[in-house]
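Below is one structure; the comments refer to it alone.
Readers should treat all values here as calculations from the given coordinates under stated rules, not as data from a laboratory. No experiment lies behind these values; they were computed from the predicted model shown. When we count neighbours, we look across all protein chains shown, and the Cβ atoms used for this are built from the backbone with ideal geometry, even at glycine.
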Protein chains: 4
Amino acid sequence: MTHTLELEVRDYECDIQGVVNNSVYQNYLEHARHKYLLDLGIDFAELARQSINLVVIRAELDYKSSLRPGEMFTIETRINRISKLKFAFEQKIITSEGKPAVNALIIGTAINERGRPFMPEFISDLLDNNA
Amino acid sequence: MTHTLELEVRDYECDIQGVVNNSVYQNYLEHARHKYLLDLGIDFAELARQSINLVVIRAELDYKSSLRPGEMFTIETRINRISKLKFAFEQKIITSEGKPAVNALIIGTAINERGRPFMPEFISDLLDNNA
Amino acid sequence: MTHTLELEVRDYECDIQGVVNNSVYQNYLEHARHKYLLDLGIDFAELARQSINLVVIRAELDYKSSLRPGEMFTIETRINRISKLKFAFEQKIITSEGKPAVNALIIGTAINERGRPFMPEFISDLLDNNA
Amino acid sequence: MTHTLELEVRDYECDIQGVVNNSVYQNYLEHARHKYLLDLGIDFAELARQSINLVVIRAELDYKSSLRPGEMFTIETRINRISKLKFAFEQKIITSEGKPAVNALIIGTAINERGRPFMPEFISDLLDNNA
């Protein structure tokens with residue numbers, strides 16, 4: 001299953017080069033992941049309040065073309081289990097003309113309140129059933 | 001005329017208190033102003049490329065209640081000319097339950113490429129006809 | 001007493017106009033307030049973990065001149081009690097040439113875990129003794 | 001040569017998990033790269049004004065441990081030419097206790113005003129002489 005989210009570049013997200021700043025794409029990608037997880041019944045913010053923290057352990061980002069002020073774009077997100085404790089998001093940011101803007105691979109895990117990686121069963125189940 | 005924009009709180013916009021950080025409301029308000037200006041035919045980003053800079057000279061913000069992760073909210077924006085060179089935006093951020101989150105008064109002007117306040121006629125006309 | 005903090009503009013804080021974005025000044029001002037409070041023995045982040053939230057209820061910002069990439073600047077912060085439950089920060093952002101960039105008045109209070117304004121005695125004492 | 005920059009976590013850079021948000025590390029890393037380039041005589045902001053844009057084409061980030069509010073940290077940056085048109089920054093964010101927080105590999109190039117990759121000779125020379 002691929003989750004799709006359409007967003008629009010806001011002027012304040014653009015830097016002195018007149019395009020979206022590199023770090024902002026990580027904001028976009030995080031937002032898309034959290035919306036996707038929410039669709040699966042996993043609420044990042046609610047988990048954080050319970051001291052269960054979903055965290056990114058590795059990010060690979062290929063910047064293909066720059067988004068500009070006011071541009072519409074789409075974020076496609078897929079999730080895969082890659083080990084007992086890790087999951088991977090494949091994400092693509094695509095311009096309104098269908099061109100790739102950013103391709104990303106984001107690897108994450110869950111951390112319990114003692115800072116240890118773990119995978120709560122309800123998350124594990126949701127990932128297995130929906131990925 | 002009142003311009004209305006509906007947005008959603010993104011998790012990354014929230015800080016260690018678990019609510020939207022104060023500075024982020026200025027991002028929301030700026031985005032709403034630029035969308036409104038665009039509706040009037042005034043493109044902030046395009047003007048910046050021509051070295052005509054619309055700038056904020058004063059902001060008053062009353063924080064009434066905090067927005068939380070995932071919350072939907074509405075931004076209402078009205079614009080008024082207040083002098084030959086200045087315009088004022090009255091803006092309200094309203095929660096999905098209709099409660100005020102932030103009330104703002106943002107006073108702006110335009111600055112030419114030599115850093116001097118001025119008001120291009122086409123902006124002046126658009127403001128007069130639509131405000 | 002006036003608290004002074006010297007910072008430097010980072011390129012990513014600047015927008016398509018080539019100057020520091022309006023909302024970023026609120027980041028600077030917040031950081032200066034928190035550093036000042038920390039000097040007084042009040043740890044914003046630690047209080048947040050205890051569900052005691054220092055919050056801004058009103059901000060007035062006068063933008064006098066724009067900071068540019070790489071520019072050094074100083075933030076001066078003074079705090080005053082203005083009522084039983086409210087305190088006010090007078091803050092000035094000053095360019096390295098001594099020109100005003102932003103003058104701000106930030107009014108705050110503390111909120112307990114039930115969302116009610118209150119003023120913990122230890123904060124009250126610290127403010128009274130140091131302001 | 002390794003460029004070293006010491007910074008401090010600001011509270012507003014932390015998110016609902018109480019730690020620095022993932023995207024903010026890219027801000028830190030960008031700032032460190034630009035400071036390093038400036039030491040070499042390459043001014044990112046000035047180049048942008050001349051429509052010469054230094055851009056990131058790939059970023060790999062390994063998140064090792066989280067930085068917390070108020071924490072001091074160090075960013076180490078090394079630069080290497082990896083091809084005629086590309087350079088690579090190896091960057092490490094290290095906690096004040098000497099633990100790795102983030103390891104990053106950032107690959108960049110320069111883009112001319114027509115959007116084409118190129119490498120101005122003065123940049124090429126500076127990189128070769130200082131890397």
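From the phi angles alone, apply the Karplus equation (6.51, -1.76, 1.60; θ = phi - 60°) to segment C:102-118 and give each ³J(HN,Hα) in whole Hz, x where the residue is Gly or Pro.
In residue order, the calculated couplings are 9, 10, 9, 10, 10, 9, x, 8, 10, 10, 8, 5, 9, x, 9, x, 7 Hz.
Which of the GluC sites (Glu not before Pro) found in segment D:78-122 are loop residues per DSSP with 12 or fewer other Cβ atoms within 10 Å of their Cβ?
D:Glu97, D:Glu113
Note down the magnitude of the dipole of the protein assembly as shown about its Cα centre, charges +1 on Lys and Arg C-beta and -1 on Asp and Glu C-beta and zero elsewhere, to the nearest 20 debye.
0 debye
Measuring from the lowest to the highest alpha carbon on each principal axis, how far does the protein assembly as shown reach, largest first, in angstroms?
Principal-axis extents of the protein assembly as shown (Cα, largest first): 55, 51, 44 Å.
Of all trypsin sites (Lys or Arg not before Pro) in segment D:42-130, which ones are in loop regions per DSSP and have a Cβ with at most 12 other Cβ atoms within 10 Å?
Sparse-neighbourhood loop trypsin sites (Lys or Arg not before Pro): D:Lys84, D:Arg114.
Taking every pair of alpha-carbon atoms in chain B, what share in percent sits in each 10 Å bin, from 0 to the bin with the longest distance?
Going out from 0 Å in 10 Å bins, chain B shows 12, 43, 30, 14, 1 percent.
Please report, in debye to the nearest 20, how large the charge dipole of segment D:3-130 is about its Cα centre when each Lys and Arg carries +1 at its beta carbon and each Asp and Glu carries -1 there.
460 debye
Assume the label is 7 Å from Cα along Cα to beta carbon: what separations in nm does D:Thr4 have to the matching positions in the other copies?
2.8, 5.1, 5.8
Taking each label point as 7 Å beyond Cα in the direction of the beta carbon, state the distances from D:Lys86 to the same residue in the other copies, shortest first, in nm.
Once sorted, the set of distances for D:Lys86 reads 2.2, 5.3, 5.8 nm.
Greater than 21 Å separation of Cα atoms is the criterion. Which listed pairs, A:Lys86/D:Lys64; D:Lys35/D:Lys86; A:Lys35/D:Lys64, meet it?
Checking Cα-Cα distances, A:Lys35/D:Lys64 exceed 21 Å.
Taking neighbour Cβ counts within 10 Å as the exposure measure, how do D:Leu54, A:Leu85 sort from fewest upward? Don't skip to the end; give the middle numbers.
Details: D:Leu54 19, A:Leu85 16.
Fewest to most other Cβ atoms nearby, the residues stand as A:Leu85, D:Leu54.
Distance from the Cα centre of segment D:1-35 to that of segment A:69-131, in angstrom?
Taking the Cα centre of segment A:69-131 as reference, the centre of segment D:1-35 is 23 Å away.
Report ³J(HN,Hα) in whole Hz for each residue of segment B:66-78, in order, from the Karplus equation J = 6.51 cos²θ - 1.76 cosθ + 1.60 where θ = phi - 60°; Gly and Pro get x.
8, 8, 10, x, x, 5, 7, 8, 10, 10, 9, 10, 10
From the phi angles alone, apply the Karplus equation (6.51, -1.76, 1.60; θ = phi - 60°) to segment B:30-39 and give each ³J(HN,Hα) in whole Hz, x where the residue is Gly or Pro.
4, 4, 5, 4, 5, 5, 5, 4, 4, 4
With the dipole of segment C:3-130 worked out from charges on the C-beta (+1 for Lys and Arg, -1 for Asp and Glu) around the Cα centre, which of C:Ile79, C:Ala45, C:Ile16 lies farthest toward the positive end?
C:Ile79
Rank the residues B:Glu6, A:Glu46, B:Glu76 as a footprinting-exposure proxy: fewest other Cβ atoms within 10 Å of their Cβ go first.
Working: B:Glu6 10, A:Glu46 13, B:Glu76 16.
Going from sparsest to densest Cβ surroundings: B:Glu6, A:Glu46, B:Glu76.
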